[in-house]
Amino acid sequence: MGDSLVVVAPWHKYSGDRIKIIIEPGMAFGTGHHGTTRMCLEEIEELARRGCRSLLDVGTGTGILAIAARKLGFTEVVGVDIDPEAVTIAVENARINGVEEVRFFCKPVREVEGSFDLIAANLTAQTIKDLMDDMLRHLKGDGFLILSGILSEQKEEIEELLRQRGISCLKVRELEGWLTFLASPI
């Protein structure tokens, strides 16, 4: 996964050089095997190298993106989900990975406090559209958005959503019929 990450289940052994992320999936989304998760992790890894240090993970699921960000050097990491079971799983995954300082909350993104260098949302196109304004309220002026969970045929509607809000689309990646957008207000 990217240059430095590997995602494993708790029962798998890994002894290589990569940063290991252990994920107990339970009933939450985000095991690292879906193309959208892989693309998000690769973008987070790249943005860590570019100096991003704070992340808001919207719809955190298993917490995989938040946990990876912390292990890649992000210092302020928050994950939110409206599913209490997902938050419970994310908290446990953070504990297993030794990154208990990652904060997870069961609440909508509009109730989050603070602003972030990076906001990641691996959801659906419709959910991203519904939450876009709330997410943008928490994005620093020179920050980045990673938007994923978008089907290839939904590309134009997400591009239009970004255009309407004055957000520049920096990159669109496609894998297995899914898209990941990297965007910024700069």
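Quick note: the coordinates plus some simple rules give every number you see, no bench work behind them. The shown structure was predicted, so the numbers you read here are calculated from the model rather than taken from an experiment. All Cβ positions, glycine included, derive from the backbone under ideal geometry; neighbour counts span all protein chains shown.
So the values come out like this:
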{"read-out": "Sparse-neighbour loop sites [trypsin sites (Lys or Arg not before Pro); the stretch 89-180; at most 16 other C-beta within 10 Å; DSSP]", "value": "R137, R165"}
{"read-out": "Percent of Cα-Cα distances greater than 23 Å, calculated over the stretch 5-184", "value": "34"}
{"read-out": "Relative contact order (%) - criterion: Cα under 8 Å, at least six apart; region: the stretch 5-184", "value": "19"}
{"read-out": "The chain - mean residue ellipticity at 222 nm from DSSP helices (-39,500 (n - 2.57) per run, n ≥ 4, rounded to 500)", "value": "-9500 deg cm²/dmol"}
{"read-out": "For D133, net neighbour charge (Lys/Arg +1, Asp/Glu -1) across residues whose Cβ lies under 11 Å away", "value": "+2"}
{"read-out": "Rounded to 5, the percent of DSSP beta bridges in the chain classed as antiparallel", "value": "35"}
{"read-out": "Per-residue Cβ neighbour rank within 10 angstrom, fewest leading, L131, L170", "value": "L170, L131"}
{"read-out": "Relative contact order (percent, whole number), the stretch 1-108, Cα cutoff 8 Å, 6+ residue spacing", "value": "24"}
{"read-out": "Label-point separation, E153 to R165 (7 Å along Cα→Cβ), nm", "value": "2.4"}
{"read-out": "Distance from the stretch 82-110 to the stretch 126-186 (C-alpha centre basis), Å", "value": "23"}
{"read-out": "Cα gyration tensor, the stretch 104-143 - rounded (a/c under 1.5), prolate or oblate", "value": "oblate"}
{"read-out": "Estimated distance in nm for a label pair at E176 and C106, the labels positioned 7 Å out from Cα along Cα-to-Cβ", "value": "2.9"}
{"read-out": "Neighbour count of at most 13 Cβ within 10 Å plus DSSP loop: longest GluC sites (Glu not before Pro)-free window in the chain", "value": "1-99"}
{"read-out": "Dipole-positive endmost among T36, F116, S168 within the chain (Cβ charges, Cα centre)", "value": "F116"}
{"read-out": "Environment charge at R165 (Cβ cut-off 14 Å; Lys +1, Arg +1, Asp -1, Glu -1)", "value": "-3"}
{"read-out": "Check: the stretch 1-146 dipole with +1 on Lys, Arg Cβ and -1 on Asp, Glu Cβ, in debye", "value": "300"}
